[in-house]
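Asker: Once you've had a glance at the structure underneath, I'll fire off some questions.
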């Protein structure tokens, strides 16, 4: 019996100018990957096993930024969040199996930070590897004091069901307009 051969993964890192992004809903993102023959990107309802399936983290309409290779127009990764009140609820990050190990997660994070504005992003984790990557990107342990009760309840249910932690990131978008005002006031 002949052994199945898998394509070798490229050994070079993606450069920012080799990737472009399209913004879409979660359903549209899943469709883009599926139509390209890749079924590894799943909905939150299929991935979020520890938090309530009818909760805000799983059901709020989400925004996904899908990364495409410029040369091939192939979708290679996605990162998403769901706006809820004054927060953004993490909807996951995914890198296509044949694009892993090429630095795409960092490019996905940069895109998310660039477009999310000045809202706090809250992310639940069931994977220590994923949580460590977010920590390396400047996320910190969640301060629940500012959260509405329904989110605290979902996070508590997730923890009881095996989530290992919840992180947050608040990023103040640094624009030249704000810097000009700040300079004038001082």
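The values are calculated or read from the model by the stated rules, or taken from the named source; none is laboratory data. From a predicted model like this one, the values you see are computed outputs, not experimental measurements. Note: ideal-geometry Cβ built from the backbone for every residue, glycine included; neighbour counts use all protein chains shown.
Asker: What's the number of the condition residue 39 fails, among (1) in contact with a helix residue (DSSP H, G or I) (Cβ under 8 Å, 6 or more places away or on another chain); (2) surrounded by 13 or more Cβ atoms within 10 Å (Cβ to Cβ); (3) over 23 Å from residue 158 (Cβ atoms); (4) without any contact (Cβ under 8 Å) to a residue 24 or more places away in the chain?
Answerer: Against the list (1) in contact with a helix residue (DSSP H, G or I) (Cβ under 8 Å, 6 or more places away or on another chain); (2) surrounded by 13 or more Cβ atoms within 10 Å (Cβ to Cβ); (3) over 23 Å from residue 158 (Cβ atoms); (4) without any contact (Cβ under 8 Å) to a residue 24 or more places away in the chain, residue 39 comes up short only on (2).
Asker: Would you kindly identify the helices (runs of 4 or more DSSP H) lying entirely within the range 106-186 that contain at least 1 residues that are modelled with pLDDT of 90 or more, touching a helix residue (DSSP H, G or I) at 6+ places or on another chain (Cβ under 7 Å) and over 23 Å from residue 24 (Cβ atoms)?
Answerer: 149-160
Asker: Mind checking which residues of the range 54-65 are part of a helix (DSSP H, G or I) and surrounded by fewer than 20 Cβ atoms within 10 Å (Cβ to Cβ)?
Answerer: Selection gives 56, 59.
Asker: So residue 51 clears everything in (1) farther than 29 Å from residue 161 by Cβ; (2) part of a loop (DSSP other than H, G, I, E, B); (3) touching a residue at least 60 places away in the same chain (Cβ under 8 Å) except one condition, right? Which one?
Answerer: Among (1) farther than 29 Å from residue 161 by Cβ; (2) part of a loop (DSSP other than H, G, I, E, B); (3) touching a residue at least 60 places away in the same chain (Cβ under 8 Å), the lone unmet condition for residue 51 is (1).
Asker: Among the residues of the range 17-26, is there at least one that is part of a strand (DSSP E or B), more than 15 Å from the chain's Cα centre (by Cα) and touching a residue at least 60 places away in the same chain (Cβ under 8 Å)?
Answerer: Yes, the conditions are met somewhere in the range 17-26.
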